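Scroll down for the structure; my scribbles are underneath it.
Computed from the coordinates by the stated procedures, all read-outs in this text should not be read as laboratory data. Since the model is a prediction, treat every value here as computed from it, not as a measurement. FYI the Cβ positions are ideal-geometry reconstructions off the backbone, even for glycines, and counts take in every protein chain you see.
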Amino acid sequence: MRISTKGRYSLEALLYMALLPSGEYCSTRTIAEHTGISDGYLEQLFIPLRKTGLIRGIRGPQGGYLLGKDPGEITAGDILRSVEGPLEPVSCVNSMSCPVEASCISRHTWSELYQGISDCVNSITLADLVEAYYAMDKLEYAI
């Protein structure tokens, strides 16, 4: 399974927003300046993120975007599913109409893989990523 730039950039943009003081709005232009993601692409990514309630937007000169929920309540899985769609490695994993389900020898493998991916991305919150970001800042490197 491959996560596209939609998923990677959405996660990065929301992490940037989670690093801001609580309740602070920011524009896509500001996010673009700090992340290197184009402003136009962020606008496209924010459409499904708004629809799923992960971010909120306010129009106008003092407007912008902010997280729709507390960073501890937003998982990497929520973000990825918002912009990527279902995370199943093959379409038949959650299908109830697979014509060869009873005799499929690989379905168990795909189901296990899907469960592992889901468990992983659902266990990582934006708050975890913020904590990891600040911990990275404190690391000292020695050769």
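What does the net charge come to around Pro89 if you take all other residues with beta carbon closer than 15 Å to its beta carbon, with K and R at +1 and D and E at -1? Surrounding charge for Pro89 is -1. Charged neighbours of Gly7, selected by a Cβ distance under 11 Å, balance to +2 (K, R count +1; D, E count -1). Helix 107-123 and the longest principal axis of the C-alpha atoms of the chain enclose an angle of approximately 20°.
Between Ser118 and Arg8, the simple spin-label model (points 7 angstrom out along Cα→Cβ) gives 2.6 nm.
In the Gaussian network model of the chain, springs joining C-alpha atoms below 10 Å, which of Ser118, Ser106, Ser27 carries the largest mean-square fluctuation? Maximum among the listed residues: Ser106. With helices as the sole contributors, the chain gives -16500 deg cm²/dmol at 222 nm; each DSSP H run of n ≥ 4 counts as -39500 (n - 2.57), and the sum is divided by every residue. Net charge of the neighbourhood of Cys26, taken over other residues with C-beta under 15 Å away and scored Lys/Arg +1, Asp/Glu -1, is -1. Computed over the chain with a Gaussian network model linking Cα atoms closer than 10 Å, the most mobile of Leu66, Leu45, Leu20 is Leu20.
Farthest towards the positive end of the charge dipole of the chain, among the residues Gln62, His34, Val90, is the Cα of Gln62, using unit charges on the Cβ of Lys, Arg, Asp and Glu. Residues of the stretch 68-110 falling in the label zone of Tyr41, defined by backbone nitrogen less than 17 Å from a point 7 Å along Cα to beta-carbon, are 80, 83-84.
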